[in-house]
Every structure is written in C-alpha cells, then in structure tokens.
1. In the stretch 403-434, which residues are modelled with pLDDT under 90 and hydroxyl-bearing (Ser, Thr, Tyr)?
2. Evaluate the following for Gly318: is it free of Cβ contacts under 8 Å to residues at least 12 places away in the same chain, open to solvent by less than 10 Å² (accessible area, probe 1.4 Å) and touching a helix residue (DSSP H, G or I) at 6+ places or on another chain (Cβ under 8 Å)?
3. Out of everything in the stretch 192-234 that is in contact with a helix residue (DSSP H, G or I) (Cβ under 7 Å, 6 or more places away or on another chain) and of a type in the set (S, T, N, Q), what residue ends up being nearest to Gly416 (Cα to Cα)?
4. Inspect the stretch 199-221 for any residue being modelled with pLDDT under 85, aromatic (Phe, Trp, Tyr) and in a helix (DSSP H, G or I) and give the result as yes or no.
5. Quick one: count up the residues across the stretch 328-347 that are at pLDDT below 75 and open to solvent by 30 Å² or more (accessible area, probe 1.4 Å).
6. With at positive phi and either in contact (Cβ under 8 Å) with a residue 24 or more places away in the chain or open to solvent by 60 Å² or more (accessible area, probe 1.4 Å) (or both) as the only criterion, which of Gly140, Gly174 stands out?
7. So which residues in the stretch 232-262 are under 21 Å from Ser377 (Cβ atoms) and of a type in the set (Ser, Thr, Tyr)?
8. Of all the residues that make up the stretch 95-108, how many are surrounded by fewer than 24 Cβ atoms within 10 Å (Cβ to Cβ) and either under 15 Å from Ala291 (Cβ atoms) or modelled with pLDDT of 80 or more (or both)?
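The values are calculated or read from the model by the stated rules, or taken from the named source; none is laboratory data. Owing to the predicted nature of the structure, the values given are computational and were not obtained by experimental measurement. Virtual Cβ from ideal backbone geometry, glycine too; neighbours counted across all protein chains shown. Each accessible area value is taken on the protein alone, full model and side chains, heavy atoms only, with ligands, DNA and RNA left out. Shrake-Rupley method; radii C 1.70, N 1.55, O 1.52, S 1.80 Å.
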Amino acid sequence: MVITLIEKVYSFLWGDLFQIPLPGGGSVGISLLIILLIPTGIYFTIRTRFLPIRLFPEMVRSLNSKKGKEDGLSNFQTLIVSTATRVGMGNLVGVVAAISAGGAGAVFWMWITALIGSSTAFVEATLAQLHKEKDPLYGGYRGGPAYYIHHYMEEHQGKKKRYSVIAVLFAISGLICWCGISQVISNSVTSSFENAFSIPPIYTTVILVVLAAVIVLRKNATVKVLDVVVPIMAVCYFLITVFLILTNLSSIPGVFSRIFEEALGIRQVAAGGFGAVLMNGVKRGLFSNEAGSGSAPCAAAAAECDLPVKAGLVQALGVFIDTIVICSCTAMIMLLVPQDQIEGLAGMELLQTAMRYHLGEAGVIFIAVMLFLFSFSTFLGILFYARSNVAYLFGDNWVSQTTYKVLALVMLFIGGIAAYTFVWDLGDVGIGLMTIFNTVILYLMGGQALRELKKYEAARKEQKKKN
C-alpha cells in the first residue's frame, strides 16, 4: 500500500499532467514541477531586471567576501558546497540522457533554463541569509527554507512557534530526498567502476562507505574535503573538455550550428520533435542546477558575509557554473563524436564510448574517476545540507545528527550492492515536495530579497559616485 502511494505521488509530481499539441504532430508533456519552476524563474528574472546578465560581474566580485570568524564559512566555501551537489551525476548521465532523447538542441534549452534559474537561486539564497540562525553544534550559521518558512508563519500568525507544519514537511522531504540520492550515488559509482575496471560492486561499495564515514562522522571535515575535491574535479573536467575542443577545433562551428538549428529549427517543429528537444533540455537544466528546490539555500545560509545579497549573487553564479560550464562540457564531449560511433547507445555506456573515441581507454578511466568524484562530493554536500533540517526537526544534539549520517551511510552501502527503484522514486518524491513548498513560499517572501537587491544596487551607485 505504501509503495503504491509513493508511485502515485511520484507520477503526480514527475509525470505529464497534460499534453500540448504541436504543429506537424506530436506534443509536449508538461509535469507539475516544470509548471512551478519555469514561471517562477521567469517571474524573478523579470523582477530582478535580468540579474544573471546584468549583474554577472557582481556575482564574481561577491566571491571575495571575507568571513569574520574562524568557525564561519566564506561565500566561496558555501559556493563549493552547493556546487558539490549541483555538479553530480546529472552533469554526466543526465546530460547524456537529455541529448539522447532530445538531440543537440536540448543543450540550448539547458542554457536558457540556467539563465532564468539563476534568478530563482538568487532569491532563495538571499532569503536564507536573511533568516539564518546561529549553529551551536558546528559553529557559524545554519538555515534554509525550513527556517525562512518557519519565520514567515510566525510573522503571519503573530506568535512564536516551536514548529511550523509546512517547514516540518519541507525538512522531512529534504531528508527523504537526500537518503534516496545516497543510494543512487553508490549504485552509479559501482556500476561505472565495474564497467571501467571490472571491480566487483562490493569492493567499491565498502571503500566508498568507509571513506565517506571517515569524513562525515568528524565534526567539520566535510567542508575542508570539499574545498579541495570540488575545485580539482571541476577544473580537470573543464580542462579536458578544452583540450578536446582545441583538438577538434574545425568541428566546433558545426556543433554550435547543430545545437541552434535543432533547438529553433523549423524542421524539428514540423516533424513534431520540438517537444522532445524543448522538454529534455528544460528538465535537465532544472534538475541539474537545483534552482528552486530549496537545497542550495541550506549552504547559502552558512555563509558569513556583510550583505545578504552577496550570498544570493554567489549562488546565482553556482547555477551558471553547473549548467553553462559543466553540463556544456559533457555536451561537447558527446557532440564532437561522429554520430555513427555512438548510435544506439545510452547512459554511461554512451559517455564512456564517446571518451574512448577521444582518448582511448584512458578516456573510459577518466569518466569513471570523474563520476566517482562528482558523486562522492554530492554525498558530502547533501549531508552538509541535512544538518539544518535535522536541527530544525530534532533540536541541537549530536545524537540526531549522527543518526541521520549513519542512516545515509547505510543507504550508500545498500545502493552499491543493488538498485531499489522504490527508494529512488522516494528520493524523487522528496525533491518534488521540497520544490512545491519552496516555490510557493518564494512568491510570498521574494519581496524581501528584491528589497535587499535594491538597497545593494543603490549603495553601489552611491559608492561609484564618491569614487
């Protein structure tokens, strides 16, 4: 009965609520989450006056914001944590799936989705900064949607509360989601290592779980490890892609031509294939950069910066790094391969075949190692997020914090041995519910972030006049 209920909720959140017919036949399926996230992104892009484009230099400058206390986190460190979770399997397997189903044109719609998602990420991160609280266990600050939802309900009802029902539901949804993701992470890593090195899943799983346990069960080791791992993996992946682009320079105009033609071309519309191009690009963009889901604000709240807007600008930059940079790297790796070499392939096999074409067996090994780093950093990142939700639900105590970490490690172990689709669906249900609770509250509270943005820009103008 419980499994049936989860399946129905999953279908409601992720399935197509209705179909929009297209010229030439075919249709576009629209899910509830797309109905929520796309209008939210467009709304805040307009309200912030196209912040991702207009204030891109400010996003980069905000990285220089210094932390004031030793136990606090800088803006850059919180960007590292949120990038760890954004830059995960979705940047590899997810992009491959989007292009396989929607063609090269899906990449264009991923880019568009990232631009509007940046504005949503700005708003939710700024709110997280405005409503953050002191963290007596780990030091520094904590926060996120559970906290700004709680504060909104207190203000709305005019009285102090221990819990808010919607905030509790958000926090529970987040913990369910992150447990589900733990299983997906280990299963993907063990599968790729088995394909690349013929290592039995049990060996990879044990090493993965032990390594994760050593890090997450120590008080503040997570951020220190991510500070090292995330920049290395992102830069390595980017540099390899640049190398492949330079060695295939003559093919680049054709690749970009194909992306734009398939994204906007009359042929795709007439053939009824436009829906697949559009929806696959949009879906991958939305769920890769996490804008609107309420995950990244848990990291943004931990930043110690002089102005809340700076944390918002940094998280908006994180969406750009995830989709415009890293997802595009995967797309280039695939699109620079002759189509006949990868025809009929899908998923990790497709990506490994593409890398084998570029770099031989070394390419297959490289992708396996990258998947390990991307996935491992995602696991560390989601456990950082979980701190805030666990504290909101169970108070400030090490017992609840450690219990959740152990549960996540158990799920990591189970996922490495076998794939349980029920748990995976439960994780998707978790992120779907998080998105619903978070996007609704963003419309109600978004004005606070927009007012902070106006103050910030006015102060910047005044400062420029004096200089």
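1. The answer is Tyr420, Thr421.
2. On the way: free of Cβ contacts under 8 Å to residues at least 12 places away in the same chain: no; open to solvent by less than 10 Å² (accessible area, probe 1.4 Å): yes; touching a helix residue (DSSP H, G or I) at 6+ places or on another chain (Cβ under 8 Å): yes.
In short, no.
3. Restricting to residues being in contact with a helix residue (DSSP H, G or I) (Cβ under 7 Å, 6 or more places away or on another chain) and of a type in the set (S, T, N, Q), the top hit is Thr205.
4. So far as the stretch 199-221 goes, no, none of its residues is modelled with pLDDT under 85, aromatic (Phe, Trp, Tyr) and in a helix (DSSP H, G or I).
5. 4
6. Numbers: Gly174 fails: at positive phi.
Sole residue among the options that is at positive phi and either in contact (Cβ under 8 Å) with a residue 24 or more places away in the chain or open to solvent by 60 Å² or more (accessible area, probe 1.4 Å) (or both): Gly140.
7. Within the stretch 232-262, Tyr237, Thr241 qualify.
8. 1
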